[in-house]
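None of the figures in this text is laboratory data; all of them are computed from the coordinates on show. Just so it is clear, the model here is predicted, and its values are computed rather than measured. In this analysis, Cβ positions are derived from the backbone assuming ideal geometry, glycine residues included, and neighbour counts consider all displayed protein chains.
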Ligand code: SOE
């Protein structure tokens, strides 16, 4: 077995996403034949005790408490950003200027204004970059992309997506701080639009092309929450729910809805796309299945088929178990690492790049602007 080339990872942030990414780095070479092996060189976080504990648990070789030191280290090749959204830009720009590859958790940043300099920085430095919109790499979603690209659906008429949760209904839940920064507009930039709809928009742009115009409404159901960091009751600046309609460049119509107030739904990301010759449906709670309706089927047999995307000729699946045995959420991150390493070896960009993720950001900005002014907005790409 030839010696694999090391790719030294410096991870910033050790929360939920720090765990999903670390798991991806650790497992990838067990399942994929690659030229590179990620080495867990260092994890960085402000609390020394937490950084040390994370390093021990996940077997990082070292830890830092200042991301600037991590970025300056000569033994780090790639900086992976898993911190709250308000710190993505500063870290990514510094990492690019230091010549490091940059992998950034979604969304790219809080808004377009903050995201554009990140794109320019990685492009100027010529460093490899990607944004972790992981759901693209659920095999059933990648399979949907293949079917659409093969023209199986024909002309597209409709795209609709939902991302429903229920974890912020209690007015007693504070905003801000570890775990709850997603409720704090200063940290997150926005609420469900940047956190959840960004996923739906990324997938939609990938599957169905650019969105040109949007008309949105948002609501903040709980208008004041105690702030974890100040201890004071403060106004809530995020959108708790957002719904928008839109037009795609290919002439199809889109409908999107997201909320954290849909009692009973934990992470119900669904999308459906309807074309002249067929339709596709996907549901995160049943993520290994793709529903397909083919208008070309023989009349009496026509109906939705539920494809169990676990065969070796389905995307990514030949690397896992045997046909019929499914994989799950964590594997989408393993796939992103595998693609990143494969593209690194062949000198190709890894989608979505910062530039591609900027388009998602442009749609999010247009959605929030539209909700604020109560009018249709044109999506303004950079
Ligand atoms: C929010 O609850 C969240 O964790 C998002 O931040 C993730 O991006 C999404 O995949 C699951 O939900």
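Data table
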item: Antiparallel bridges, percent of DSSP beta bridges restricted to the chain (to nearest 5); result: 60
item: Relative contact order %, the chain, counting alpha carbon pairs below 8 Å whose residues are six or more apart; result: 20
item: Within a Gaussian network of the chain (alpha carbon springs, distance under 10 Å), most fluctuating of 298, 56, 90; result: 298
item: Cβ-based exposure ranking for 31, 333, 221, in which fewest neighbours within 10 Å come first; result: 221, 31, 333
item: Fluctuation leader among 87, 346, 258 - the chain, Gaussian network, Cα springs under 10 angstrom; result: 346
item: Gap separating the Cα centres of segment 26-59 and segment 267-308, nearest whole Å; result: 38
item: Fewest-first sequence of 58, 67 by Cβ atoms within 10 Å of each Cβ; result: 58, 67
item: Along each principal axis, Cα extent of segment 4-57, largest first, Å; result: 36, 18, 15
item: Segment 162-203 versus segment 220-259: alpha-carbon centroid distance in Å; result: 8
item: Within a Gaussian network of the chain (alpha carbon springs, distance under 10 Å), most fluctuating of 240, 339, 30; result: 30
item: Label point distance in nm, residue 65-residue 178, each placed 7 Å from Cα along Cα→Cβ; result: 1.3
item: Within the chain, helix-based [θ] at 222 nm, where runs of 4 or more DSSP H residues each add -39,500 (n - 2.57), nearest 500; result: -10000 deg cm²/dmol
item: Distance between modelled label sites at residue 37 and residue 56, nm, 7 Å Cα→Cβ extension; result: 2.5
item: Overall form of segment 168-260 per C-alpha gyration tensor (a/c, 1.5; a/b vs b/c); result: prolate
item: Rounded, prolate or oblate (a/c below 1.5 giving rounded, otherwise prolate when a/b exceeds b/c) for segment 339-382 by Cα gyration tensor; result: prolate
item: Rounded, prolate or oblate (a/c below 1.5 giving rounded, otherwise prolate when a/b exceeds b/c) for the chain by Cα gyration tensor; result: oblate
